[in-house]
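The values are calculated or read from the model by the stated rules, or taken from the named source; none is laboratory data. Every value quoted in this text rests on a predicted model; they were computed, and no experiment measured them. Counting neighbours? That spans all protein chains shown, and the Cβs are built from the backbone with ideal geometry, glycine included.
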């Protein structure tokens, strides 16, 4: 696992293991809906911006579909594509659910002219991804 937001692999994995124990014990529920695009299809994963101890609600704070989650982690590699994605979400679009397939995601990411967004939600001026991006 690569470093993220100044947290190294070991810090991120320790927080992830803690969160998995929370799910196993029933203390917390796994996310079932993407907080960014609102879809429930495909893989929905927890995302953290802050991996610091002591652990609490900031670990796995956001539920993100695989596509939104990967967009967050790849947002610095291509700002134009990131901005296009944010604009689509703000306009109420999302995409079909995606399985956990990084190579498939990268292929999709590199061909924005072939994206097939689906109008699914009402337009909003800001999404959870805007909030994450502003941190």
In this structure, does residue 50 turn out to be more than 27 Å from residue 107 (Cβ to Cβ), touching a residue at least 24 places away in the same chain (Cβ under 8 Å), touching a strand residue (DSSP E or B) at 6+ places or on another chain (Cβ under 9 Å) and in a loop (DSSP other than H, G, I, E, B)? yes
For residue 100, are the conditions met, namely being more than 22 Å from residue 12 (Cβ to Cβ) and either part of a loop (DSSP other than H, G, I, E, B) or free of Cβ contacts under 8 Å to residues at least 40 places away in the same chain (or both)? no
Residues of the stretch 87-103 being under 17 Å from residue 64 (Cα atoms), surrounded by 13 or more Cβ atoms within 10 Å (Cβ to Cβ) and either at pLDDT below 95 or more than 13 Å from the chain's Cα centre (by Cα) (or both), in sequence order, are 88, 90, 92, 93, 94, 95, 97, 98, 101
Per the filter on the stretch 115-135, residues surrounded by 14 or more Cβ atoms within 10 Å (Cβ to Cβ) and either within 15 Å of residue 39 (Cα to Cα) or in contact with a helix residue (DSSP H, G or I) (Cβ under 7 Å, 6 or more places away or on another chain) (or both) are 117, 121, 127, 128, 129, 130, 132
Might you check whether a residue that is surrounded by 16 or more Cβ atoms within 10 Å (Cβ to Cβ), in contact (Cβ under 8 Å) with a residue 60 or more places away in the chain and touching a strand residue (DSSP E or B) at 6+ places or on another chain (Cβ under 8 Å) occurs anywhere in the stretch 16-35? yes
Confirm whether residue 80 is part of a helix (DSSP H, G or I) and free of Cβ contacts under 8 Å to residues at least 24 places away in the same chain. yes
